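Since the structure comes first, as C-alpha cells, the remarks are kept for the end.
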Amino acid sequence: MRLVRIGVGSVSVKVGDFSGNSDRLRELIEAARAAGCNLLVTPELALSGYSLEDRVWWPDIARRSWRTLVALAESCRDISVFVGLPVHHDSMMYNAAALLHDGVVRGLVLKRFLPTYSVFYEGRNWTAWREGVTTINGVPAGDLVFRLPFGCVSAEICEDMWSPQTPAQGRVLAGAEIICNLSASPFTPGKNEQRRRMVQTAAERLACVYAYSNLLGLDNSRLVFDGGGFIASPNGLLVAGKTLSRSYWTLATGIVDLEEVGRARAENTTWRQYASKKDGIAGVRVIEADTGEWVPAPVAAYARQLPSNFFYPEQITADPREWAANYLDDLYDALVLGLRDYFEKVGAFERFLVAVSGGRDSALCLLLAVDAAKALRAGAEADKYAERVWAVYLPNAQYSSSRTLDAAQSLSQELGVPFRVVSITEEAQIALEKAGELMGDPALVTGLAKQNLQARVRGSMMLNWANSARGLLLVTSNLSEAAVGYTTTGGDNQGGYAPIANLPKTLVTRLVQRAAERYQLRSIEKILAIPPSAELAPDQEDEADLMPYIVLDDLLFLFARRRMSLPDCWRILVHRRPEYDAEQLRAWTKRFGTLFAQNQWKREQLPVAMKVLDLDLDPKTGFRFPVTQSIQEELDELAAADL
C-alpha cells in the first residue's frame, strides 16, 4: 500500500487582504499538518480573494500575491500545499495554482478555461492558458505534473473540471495520480450534489484520485461560497467536507492508497489503450520535486475509513419532507453566512437594522439578522446578539393595522431583540401636503404618489437612523417585487444590503414557514395569517394589485430563467394552474410581461444584494436586460395565441 493522507480545506477570504488571507491559510496548513496530511488543497485565488474584478489590473495585486506566497511557502515543510493566486506574465494576468513543497514554490499550474456566463466575467480580466510550459517569477508554469515523495500530483482550477475536455486528461496520461481542483464555485441549492457527482465521475473516468476544495463565505459582496470539498478515488467517494460552516475555515481529510490508482489503470483495457497513444501530453512537463521525507498515513486510520460493509451501501434517506427541509435549511444558512460575512468584511457597522412590517419579507430579514449576529466572530459572542440587532415598526395611522403591529412586535419579542414603534403619520401628511404644493393642486396628486410617499418617508427615516446607529440597514424587497417593479424607488428598495433580493415571494414564504418549524417560533403563525400587503392604501393586498404570487413566480421563472416567449408561458400556465380561468391567466401574463419590461430601470438601481439562486435579476451579477426596448409584438402574439 502507498497510503497518502489528503486534506481539502475551505477558507473565507477578503479581496486584497493579503496578510489576513495568509494568516487563515497558515492556520489551515498547521491544522492539516497536525492531522498528518501529506497533501493539502486550498481554494481558488485564496491569497488575493476571488472576485477581484477590475482591481486585478493594479500591479500591486500580482506583486503582493507573489510576495505573500513566497512567505507562506516557509510554512509548508513536511507537507505539500496547493494555493491559488493571480500571476502576471508578458502583460497578461493568469489564474494560478501554486504548489508549495518543502518550503519552496515548485511551480504554477495555470487555469485554462475561463467562464464568461451567468455571474462570471473572467474573460474580461484573465487570460486563458493554452498549453505548454513557460517560466513565471523564476519557476515553471503551465501544464505541470509534480513528482513528490509519495507520488505524482497535478491540478486544475474550478471551471477546468466543468469543461468537456478537461486539462486533467493530459496530465494523468503524463503520470499524475492525484488531481487537485482549486475552486471558487458559488452556492445555489443542490449545487454541492452536482459537484460531488462530477468529482466522483472524474476520479472514475481518469482512474485517479481527485481532491476538490471550494471557497467559503461571501466574496466581495454578492456571491456566497458554501465551502465543502471532496476526495474521490476510482472506486468512489471517500470524503465530503462540511458546507456552509460559520467558522472561517474548515478541513476534511481522507486517506487514499495510490496503488489503487495503478491497479485501476492496469486493469482497465480502455484506459490502457488511450494512454498508450500519448495524445494530449506533448505540452505537459513533469517537475521533479521529491525532496523531503514522506511519512505514510497509518494503516489503522485507513481501515477505519472503509465502509462498514463492502456489499451493502450506507442508507440514504428518500423522504421528500426531509429533502425539502434540507434544501430550505441550506438556503437559509447560505443567506446567514453571506449576511454575516458582508457585515464583518465591510467593517463599517455595529448592528443590523430592520424595519419590521408584520409581513413575511421583513420577518425573514429579521430572522437572518439574528442568526448572522449570533455568528459574528464565528459565534464567539453569540450570547450578545441582541445588542447587534434593532427592529422598528413605522406605522401610518391611516393604513397600518393592529394585526401587523402585533405580528411584528411578537416576533421581535420572541427573538429577544429591541423593538421600537415610531409613527410616520405626521411626516406622511406633510409629504402629502408638499406633493400637492408641487402639483399646484392637491387633487392632482395621484393615488400611486400617495402610496409611494409613505414608503419614501420610511426609507428616509431608516437611512438617517442607520447613520446615527452605525447600522447596516437591511432592504426587505424580494425577487418577485423586483420583477414587476412593486417597490418604491427612494423607499423600500433603498438601504445598505438586500439579503432576500434573490428570493421569489413563494420561496420567502416557505423559508419563513421552515424557520417556524426549525426554531419553534409561535409568532410566525401571526405573520403567515396576514395576506401580503404593503399597507399603503385602504384594504390593500399585494395579490389583488398584481396577481397570485404563485402565478407571478411561475411567469418569472419561465420568462426570465427559461427564456420562453409570453405565449408559451401562458400555454404552460393553463395546464399548470387549472384552478384559474385561461383568459384570466392570459391577462396576468400580459400584465407580467408589460411590468417586467417597463421596470428594468428600477432593477438598475437596486442595492447590493446576495445571489443564491440560478435565476438572478441583478444587472451587476448576471441579468443584462435592456432598459429601453419594445415587447409589443410579443404582447400581440400573446393576445392572438391559442392552446
Filter result (closer than 14 Å to Val81 by Cα and either polar (S, T, N, Q) or in contact with a His (Cβ under 9 Å, 6 or more places away or on another chain) (or both)) within the stretch 15-32
Ser22
Which of the following residues is touching a residue at least 40 places away in the same chain (Cβ under 8 Å), surrounded by fewer than 24 Cβ atoms within 10 Å (Cβ to Cβ) and either part of a strand (DSSP E or B) or not assigned by TED's automatic domain parsing to the domain that holds Ile231 (or both): Val15, Val87?
Val87
If you take the residues in the stretch 198-234 that are of a type in the set (Gly, Ala, Ser), surrounded by 23 or more Cβ atoms within 10 Å (Cβ to Cβ) and over 25 Å from Arg265 (Cα atoms), which one is nearest to the chain's Cα centre (by Cα)?
Gly217
Can you work out which of the residues in the stretch 168-196 that are over 19 Å from Phe113 (Cβ atoms) and charged (D, E, K, R) is surrounded by the most Cβ atoms within 10 Å (Cβ to Cβ)?
Glu177
Per the filter on the stretch 138-162, residues under 23 Å from Ser10 (Cβ atoms) and under 30 Å from the mean Cα position of the chain (by Cα) are Val153, Ser154, Ala155, Glu156, Ile157, Cys158, Glu159, Asp160, Met161, Trp162
For the condition part of a helix (DSSP H, G or I) and of a type in the set (Asp, Glu), what is the one hit in Asp636, Asp618, Asp539?
Asp636
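The rows are residues; the columns are (1) surrounded by fewer than 21 Cβ atoms within 10 Å (Cβ to Cβ); (2) modelled with pLDDT under 95; (3) outside the structural domain of Ser245 (by TED's automatic domain parsing); (4) part of a helix (DSSP H, G or I).
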{"residue": "Tyr385", "(1), (2), (3), (4)": "no, no, yes, yes"}
{"residue": "Thr404", "(1), (2), (3), (4)": "no, no, yes, yes"}
{"residue": "Gln409", "(1), (2), (3), (4)": "yes, no, yes, yes"}
{"residue": "Gln413", "(1), (2), (3), (4)": "yes, no, yes, yes"}
{"residue": "Val417", "(1), (2), (3), (4)": "no, no, yes, no"}
{"residue": "Arg420", "(1), (2), (3), (4)": "yes, no, yes, no"}
Limited to the stretch 420-434, what total is found for residues that are under 13 Å from Pro395 (Cα atoms) and touching a residue at least 24 places away in the same chain (Cβ under 8 Å)?
8
Matching residues in the stretch 264-284 - criterion: being part of a loop (DSSP other than H, G, I, E, B) and on the phi < 0 side of the Ramachandran plot
Asn268, Asp279, Ile281, Ala282, Gly283, Val284
Is at least one residue of the stretch 38-61 farther than 19 Å from Tyr248 by Cβ, at pLDDT 95 or above and either touching a Ser or Thr at 6+ places or on another chain (Cβ under 6 Å) or surrounded by fewer than 24 Cβ atoms within 10 Å (Cβ to Cβ) (or both)?
yes
Assuming Ala587 fulfils every condition listed in (1) modelled with pLDDT of 90 or more; (2) assigned to a loop (DSSP other than H, G, I, E, B); (3) not basic (Lys, Arg) apart from one, which condition is it?
(2)
Would a scan of the stretch 574-582 turn up a residue that is within 30 Å of Gln413 (Cβ to Cβ) and not aliphatic (A, V, I, L, M)?
no
Give the residue that is surrounded by the most Cβ atoms within 10 Å (Cβ to Cβ), with candidates limited to residues of the stretch 422-431 that are touching a helix residue (DSSP H, G or I) at 6+ places or on another chain (Cβ under 6 Å) and assigned to a helix (DSSP H, G or I).
Ala428
Do we find a residue being under 22 Å from Leu45 (Cα atoms) and assigned by TED's automatic domain parsing to the domain that holds Ser163 anywhere in the stretch 197-207?
yes
Using the structure shown, decide if Val356 is touching a residue at least 24 places away in the same chain (Cβ under 8 Å), under 22 Å from Arg24 (Cα atoms) and either out of contact with any His (no Cβ under 6 Å at 6 or more places or on another chain) or not polar (S, T, N, Q) (or both).
no
Tell me, yes or no, whether the stretch 126-137 has at least one residue that is touching a residue at least 60 places away in the same chain (Cβ under 8 Å) and within 24 Å of the chain's Cα centre (by Cα).
yes
From the list Ala34, Ala71, which residue is surrounded by fewer than 16 Cβ atoms within 10 Å (Cβ to Cβ) and free of Cβ contacts under 8 Å to residues at least 12 places away in the same chain?
Ala34
Subset tally (residues that are surrounded by fewer than 21 Cβ atoms within 10 Å (Cβ to Cβ) and part of a loop (DSSP other than H, G, I, E, B)) for the stretch 152-163
1
Are any residues in the stretch 99-137 more than 21 Å from Arg171 (Cβ to Cβ), modelled with pLDDT under 90 and not in a helix (DSSP H, G or I), and if so, which ones?
Thr116, Tyr117, Ser118, Val119, Phe120, Tyr121
Consider Val261 against the criteria (1) outside any helix (DSSP H, G or I); (2) in contact with a strand residue (DSSP E or B) (Cβ under 8 Å, 6 or more places away or on another chain): it satisfies all of them except one. Which criterion is unmet?
(1)
Check Leu556, Leu503 and return the single one that is surrounded by 16 or more Cβ atoms within 10 Å (Cβ to Cβ), assigned by TED's automatic domain parsing to the domain that holds Cys365, among the hydrophobic types (A, V, I, L, M, F, W, C) and under 30 Å from the mean Cα position of the chain (by Cα).
Leu503
Consider the stretch 615-630. How many of its residues are touching a Ser or Thr at 6+ places or on another chain (Cβ under 6 Å) and modelled with pLDDT of 90 or more?
0
Every residue from the stretch 619-631 that is loosely packed, with under 11 Cβ neighbours inside 10 Å and either among the aliphatic types (A, V, I, L, M) or within 20 Å of Asp568 (Cα to Cα) (or both)
Ser630
Any chance you could count how many residues in the stretch 164-217 are under 25 Å from Val133 (Cβ atoms), in contact with a strand residue (DSSP E or B) (Cβ under 8 Å, 6 or more places away or on another chain) and in a helix (DSSP H, G or I)?
5
Can you tell which of Leu438, Leu328, Leu353 is surrounded by 15 or more Cβ atoms within 10 Å (Cβ to Cβ) and either within 22 Å of the chain's Cα centre (by Cα) or part of a helix (DSSP H, G or I) (or both)?
Leu328
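The values are calculated or read from the model by the stated rules, or taken from the named source; none is laboratory data. Just so it is clear, the model here is predicted, and its values are computed rather than measured. Ideal geometry is used to build each Cβ from the backbone, glycine not excepted, and the neighbour counts take in all protein chains shown.
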